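The values are calculated or read from the model by the stated rules, or taken from the named source; none is laboratory data. None of these values were measured; they are calculated from a predicted model. Virtual Cβ from ideal backbone geometry, glycine too; neighbours counted across all protein chains shown.
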C-alpha cells in the first residue's frame, strides 16, 4: 500500500475506529501461521494424509475460525472503496479459503489477477483453491503459469506431480514434475524424500 493510500485509508477509518491498514495488519497477523506453512500447504491436501484431512473435517476451534464476520465485512467495505487493491483481495481470499468458502476465495483471486496477472502469491492460492473445488485441470493450468514465472518453485512442481499422478491420470507428466523437484537446488530433505517416494511408486 502506498503512502498516499495509507493516508487516505487512515482518514477514512477515523470514523469507524479502525483504519484499513489496521484491519489489514490484523487479518495478516491472524493468517501468519497459515502463510508460514503456505509453501507446504500441499501436505494438507496430499491424498496420503488421511488423518490430517479427517482432522480438518472436525468442527473448527475458535482459533481456526479466524477473524469475525464484522472484520471481514469491514475489509469488504474497504475493498469497495479501493476496488483495485490486490492486497486486500488476497487477504480476504485467504480468509474465505480458511473458512472453506472456496467459491468466494476463487472469485477474489480471479479479480486480483485481472489487476496483477503475474502476481505469484495470488496465482499459487488460486491453484490451491481450484484444487479444493476439484477443478483439477484448471488447477494444473494455474500452477503451470506459476512455474513459468518462477521455474525454481519446487512446491508447485510437487503439486503438479500430485495433480498429474493422482487426479489427472498422467503418470508421465507426474514423473517429469517429481524429477524436477529432485533436480532443483535447495529443496528441503523431507520434500525430496516425498518426491522420491512418489517416483518409486511410479516404477521409476
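Report yes if some residue within the range 185-192 is crowded, with 16+ Cβ neighbours inside 10 Å and closer than 29 Å to residue 91 by Cβ; otherwise report no. Yes, the range 185-192 contains a residue that is crowded, with 16+ Cβ neighbours inside 10 Å and closer than 29 Å to residue 91 by Cβ. Here residue 118 does not qualify as more than 30 Å from residue 83 (Cβ to Cβ), surrounded by fewer than 22 Cβ atoms within 10 Å (Cβ to Cβ) and modelled with pLDDT of 95 or more. Take the conditions (1) farther than 30 Å from residue 196 by Cβ; (2) buried (at least 16 other Cβ atoms within 10 Å of the Cβ); residue 160 misses just one of them, which is (1). Could you please give the count of residues in the range 166-185 that are in contact with a helix residue (DSSP H, G or I) (Cβ under 8 Å, 6 or more places away or on another chain), farther than 19 Å from residue 136 by Cβ and part of a loop (DSSP other than H, G, I, E, B)? Of the residues in that region, 1 qualify. Considering 92, 168, 113, 175, the condition of being surrounded by fewer than 21 Cβ atoms within 10 Å (Cβ to Cβ) and under 14 Å from the mean Cα position of the chain (by Cα) is satisfied by 113 alone.
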